[in-house]
Amino acid sequence: MGASSPVYAATLTTAPSCSTIKVVSVTKGTALPCLNGVGRTTFEAIRGPVLVNVWGSWCEPCKEEIPRLVDIARLKKIAIVGIDVEERNMAAGRAFVTLHKMSWPQLYDVKAVTRGIFGMGVPVTWFIDAQGKVTYKQIGLFQSDAQIRDLVKKHLGVTL
């Protein structure tokens, strides 16, 4: 998977493609399959500015937070990558993505390999800059669109 600028899906019929995730080549790391079943991405290769949102369809706070991320994604000013964790199966994650109109790329962590990176509990959102450095971690759900805008400006330098 080569480096490319993020592209945003206009319509959603299944989990979005992961081919739009901005990455650099790495020789090792945490490889995750795309939730749409096509391809994989190494987490450590993701470059921003990007919000990496870790979620699960079974998570009530995630369900509350997702509409705020959908609003931010509609602005098309910041990339978002989702990571579906601890899901009972890929179909459940895909159905959640479709139901909530999540138009950004989604990775699938079927074996909880990211626990060592993210820890336990969702939602959590990582703010990653162009060099791949984590500039901030939001543990727990975002309370408002304004909170997301403020944090993106402060930690990634992007005005939404």
Does residue 122 satisfy being in contact with a Cys (Cβ under 7 Å, 6 or more places away or on another chain), crowded, with 16+ Cβ neighbours inside 10 Å and at pLDDT below 95? yes
Residues of the stretch 72-88 being out of contact with any helix residue (DSSP H, G or I) (no Cβ under 7 Å at 6 or more places or on another chain) and either outside any loop (DSSP other than H, G, I, E, B) or of a type in the set (Lys, Arg) (or both), which ones? 73, 74, 76, 77, 79, 81, 82, 83, 85, 88
Hey, could you check the stretch 82-113 for residues that are closer than 26 Å to residue 157 by Cβ and in contact (Cβ under 8 Å) with a residue 60 or more places away in the chain and say which is surrounded by the fewest Cβ atoms within 10 Å (Cβ to Cβ)? 103
In the stretch 127-159, which residues are touching a helix residue (DSSP H, G or I) at 6+ places or on another chain (Cβ under 9 Å) and in a strand (DSSP E or B)? 127, 128, 135, 136, 137, 138
Of everything in the stretch 31-56, what is outside any strand (DSSP E or B) and more than 28 Å from residue 153 (Cα to Cα)? Give them in sequence order. 35, 36, 37, 38, 39
The stretch 1-50, residues that are modelled with pLDDT of 75 or more and of a type in the set (Val, Ile, Thr): 20, 21, 23, 24, 30, 38, 41, 42, 46, 50
What's the number of the condition residue 21 fails, among (1) of a type in the set (A, V, I, L, M); (2) outside any helix (DSSP H, G or I); (3) free of Cβ contacts under 8 Å to residues at least 40 places away in the same chain? (3)
If residue 55 meets every condition in (1) within 13 Å of residue 128 (Cβ to Cβ); (2) of a type in the set (Phe, Trp, Tyr); (3) at pLDDT 90 or above apart from one, which number is that one? (1)
Top-ranked residue in the stretch 139-160 [being touching a residue at least 60 places away in the same chain (Cβ under 8 Å) and over 20 Å from residue 55 (Cα atoms); ranked as surrounded by the fewest Cβ atoms within 10 Å (Cβ to Cβ)]: 159
Do you know which of the residues in the stretch 34-74 that are within 18 Å of residue 96 (Cβ to Cβ) and acidic (Asp, Glu) is surrounded by the most Cβ atoms within 10 Å (Cβ to Cβ)? 65
Just to verify a result, which residue in the stretch 59-81, among those that are of a type in the set (Val, Ile, Thr) and touching a residue at least 40 places away in the same chain (Cβ under 8 Å), is farthest from residue 141 (Cα to Cα)? 78
Among residues of the stretch 117-126, those that are in contact with a strand residue (DSSP E or B) (Cβ under 6 Å, 6 or more places away or on another chain) and either in a helix (DSSP H, G or I) or charged (D, E, K, R) (or both), counted: 1
Determine which single condition residue 76 fails, assuming it passes every other condition in (1) charged (D, E, K, R); (2) at pLDDT 95 or above; (3) within 16 Å of residue 48 (Cβ to Cβ). (2)
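The values are calculated or read from the model by the stated rules, or taken from the named source; none is laboratory data. Predicted model only: the values in this text are computed from it and were never measured. All Cβ positions, glycine included, derive from the backbone under ideal geometry; neighbour counts span all protein chains shown.
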